[in-house]
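Accompanying notes for the structure given below.
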């Protein structure tokens, strides 16, 4: 696409996101100089250009000061708890109208869930309550962890649920809240696609009790083949000791409880190399057509990785310790991604078969969106009466 076409798409994305925020949040004007539109457009601009609100206040023409923007943010927009409560409505409102109508008719789609971490640097202080300590990531072991659920529909990957993963919370509590949020938005899953980090007998037991079919890769548990006594646990499925097929496997989350899943093993040749490659997946109540179908179905989960990549490419930067500031930038990035998917789908249907009209989420689009917001005037300033 040409730069002018990207600019047209950027205007659609910008108008859609700002109209959504104003319609759902109904923010009031903080002052004559700092209107609600000025504040929201500054936040969207910081998100699209991966800058801080301080940089936007310094670089944008006719922008309120940094202090005025932050005071307006705290006075007119929801805080951490209120934003968490309103996030499901914001995500549902950002979806296409046709998808919401199909959800009202109780049509189900596959749902992919994943964890995404935003690094947090302590600066020799006690981190805020939502910050979780875990695996070292980008020079720090502390991060804001967010779980997202993406709806997989005709090549699209709309985000329909978002929830933080707080310290002291178990993985099963996180999965329960995430899936309940998605079901509350009208999207109970046809089946759940997860990665190996969700391998847990307690999670499997909850999904089976909630009647949610699931599919995920097998995580290695037990002794490896090189250890004395041979492999145990799930390692026989991963090291080519079992031919292609289906096998029952039992996990014990407690002394008196038993969870049984089906493990599907596929052994195939390496692409262009000698030897055999083994892939194993655990599933429950997923309608399996063939062993190859299981692998192709799980490949759809990688679209949620694309949503995480889009989130990082369009997320505002901040050194604030306030958790609501970081949560706001994550929510805005997901709203931008959902709006962009709608614009791209509309263009693909309108210009079907023409590769010149296949826009992609790239630096060119974000640059066009930033240029639109740098230069666009505040539409509410012309309606204000002159100062007395």
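The values are calculated or read from the model by the stated rules, or taken from the named source; none is laboratory data. A quick note: this is a predicted structure, and the numbers were derived from the prediction, not measured. No Cβ is skipped: glycine too gets one built from the backbone with ideal geometry, and neighbour counts run over all protein chains shown.
Residue 177: out of contact with any helix residue (DSSP H, G or I) (no Cβ under 8 Å at 6 or more places or on another chain), within 20 Å of residue 303 (Cα to Cα) and surrounded by fewer than 18 Cβ atoms within 10 Å (Cβ to Cβ), yes or no?
No; evaluated as a whole, the condition is false for this residue.
Each row is one residue, and each column tells you yes or no for (1) within 10 Å of the chain's Cα centre (by Cα); (2) closer than 18 Å to residue 88 by Cβ; (3) without any contact (Cβ under 8 Å) to a residue 24 or more places away in the chain.
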residue: 136; (1), (2), (3): no, no, yes
residue: 141; (1), (2), (3): no, no, yes
residue: 159; (1), (2), (3): yes, yes, no
residue: 170; (1), (2), (3): no, no, no
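Assigned to a loop (DSSP other than H, G, I, E, B) and either over 22 Å from residue 311 (Cα atoms) or not assigned by TED's automatic domain parsing to the domain that holds residue 188 (or both) - does that describe any residue in the range 129-149?
There is at least one residue in the range 129-149 that is assigned to a loop (DSSP other than H, G, I, E, B) and either over 22 Å from residue 311 (Cα atoms) or not assigned by TED's automatic domain parsing to the domain that holds residue 188 (or both).
Just a yes or no: is a residue in the range 235-254 modelled with pLDDT of 95 or more, assigned to a strand (DSSP E or B) and either touching a helix residue (DSSP H, G or I) at 6+ places or on another chain (Cβ under 6 Å) or closer than 27 Å to residue 134 by Cβ (or both)?
Taking every residue of the range 235-254 in turn, none turns out to be modelled with pLDDT of 95 or more, assigned to a strand (DSSP E or B) and either touching a helix residue (DSSP H, G or I) at 6+ places or on another chain (Cβ under 6 Å) or closer than 27 Å to residue 134 by Cβ (or both).
Of all residues in the range 26-59 being in a loop (DSSP other than H, G, I, E, B) and out of contact with any helix residue (DSSP H, G or I) (no Cβ under 6 Å at 6 or more places or on another chain), which is surrounded by the most Cβ atoms within 10 Å (Cβ to Cβ)?
Filtering the range 26-59 for residues that are in a loop (DSSP other than H, G, I, E, B) and out of contact with any helix residue (DSSP H, G or I) (no Cβ under 6 Å at 6 or more places or on another chain), the one surrounded by the most Cβ atoms within 10 Å (Cβ to Cβ) comes out as 35.
Being under 29 Å from residue 170 (Cα atoms), over 24 Å from the mean Cα position of the chain (by Cα) and not in a loop (DSSP other than H, G, I, E, B) narrows it down to one residue among 205, 292; which is it?
205 is the lone residue from the list that is under 29 Å from residue 170 (Cα atoms), over 24 Å from the mean Cα position of the chain (by Cα) and not in a loop (DSSP other than H, G, I, E, B).
Could you tell me whether residue 90 is closer than 23 Å to residue 187 by Cα and assigned to a loop (DSSP other than H, G, I, E, B)?
In short, no.
Only one of these is over 20 Å from residue 301 (Cα atoms), surrounded by 13 or more Cβ atoms within 10 Å (Cβ to Cβ) and out of contact with any helix residue (DSSP H, G or I) (no Cβ under 8 Å at 6 or more places or on another chain): 92, 86, 105, 132. Name it.
Among 92, 86, 105, 132, only 132 is over 20 Å from residue 301 (Cα atoms), surrounded by 13 or more Cβ atoms within 10 Å (Cβ to Cβ) and out of contact with any helix residue (DSSP H, G or I) (no Cβ under 8 Å at 6 or more places or on another chain).
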